[in-house]
1. Can you give me the % of accessible surface on the chain that is carbon or sulfur? Probe 1.4 Å, all protein chains present, nothing else counted.
2. Once the dipole of the chain is set up with Lys and Arg at +1 and Asp and Glu at -1 on Cβ about the Cα centre, which of 117, 4, 129 lies farthest towards its positive end?
3. Let me check I've understood the local charge: for residue 110, count other residues with C-beta under 13 angstrom from its C-beta, Lys and Arg +1, Asp and Glu -1. What total comes out?
4. Whole Å is fine, so just give me how far the alpha carbon centre of region 98-138 lies from that of region 24-88.
5. Under a point-charge model restricted to the Cβ atoms of Lys and Arg (+1) and Asp and Glu (-1), what is the dipole moment magnitude of region 1-132 relative to its Cα centre, in debye to the nearest 20?
6. What nm value, rounded to one decimal, do you get for the distance between residue 51 and residue 129 when each label is placed 7 Å out toward the C-beta?
7. Restricting to Cα pairs below 8 Å that are 6+ residues apart, what does the relative contact order work out to for the chain? Please round to a whole percent.
8. Could you give the accessible area per residue of the chain, probe 1.4 Å, as a whole number in Å²?
Amino acid sequence: MNGLFHNLQGELRLNEPLSKHISWRVGGNAQHFYRPKNVQDLAVFLAQLPADEPVLWLGLGSNLLIRDGGFAGTVISTSGTLQQLDIDRQEVNAEVGVYCGKLAKQVARAGLAGTTFLAGITCTLGGALAMNAGAHQQ
Ligand SMILES: Cc1cc2nc3c(=O)[nH]c(=O)nc-3n(C[C@H](O)[C@H](O)[C@H](O)COP(=O)(O)OP(=O)(O)OC[C@H]3O[C@@H](n4cnc5c(N)ncnc54)[C@H](O)[C@@H]3O)c2cc1C
């Protein structure tokens, strides 16, 4: 499938061991593994991905177990990328790869409330949203 892609700036790997990317360090390979360079690159990649390709989004991998048979599809990794974080007065804009600890710290430093509970959760923002992460009744 990698021959089908054009104009990518991220990293496309074949048969990538997912055990390297999840906390439990177990599980088989991903047929295709993509780490986009940025949001624009992600859009270029998704536009070229076959419509029937199974996709698994991966954050920090702290809440995932991969079976030994691996994943027959494309894993899109957002860890270590998509980490733009802008705080302007009352407005916070964060991409999905931002680490929750960093988000909590930066938002608190800017004098804003609402994300402190994320400080102790091992996650990316995307993983937190997908899992509806919470702590301390928040
Ligand atoms: C020590 C420890 C303590 C924890 N404490 C808490 C806690 O207090 N509260 C709590 O809620 N959880 C806790 N967790 C669980 C875990 O950290 C959360 O579920 C977290 O939200 C997972 O984020 P992640 O980035 O690691 O996601 P991953 O484990 O990579 O993915 C989890 C799920 O989210 C999906 N996903 C990830 N990124 C995206 C994306 N960008 N778009 C769409 N889907 C996406 C994945 O496909 C998968 O289904 C803890 C885990 C550990 C290891």
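The values are calculated or read from the model by the stated rules, or taken from the named source; none is laboratory data. As the structure is a computational prediction, the values presented were derived from the model and not from experiment. Note: ideal-geometry Cβ built from the backbone for every residue, glycine included; neighbour counts use all protein chains shown. Keep in mind that these areas ignore ligands, DNA and RNA; they rest on the heavy atoms of the full protein, side chains included. Shrake-Rupley method; radii C 1.70, N 1.55, O 1.52, S 1.80 Å.
1. Reported share for carbon and sulfur atoms: 50 percent.
2. 117
3. +1
4. Taking the Cα centre of region 24-88 as reference, the centre of region 98-138 is 21 Å away.
5. 440
6. According to this spin-label approximation, the distance is 2.5 nm.
7. Working: 270 pairs, mean separation 27.1, N = 138.
Relative contact order for the chain comes out at 20 percent.
8. 59
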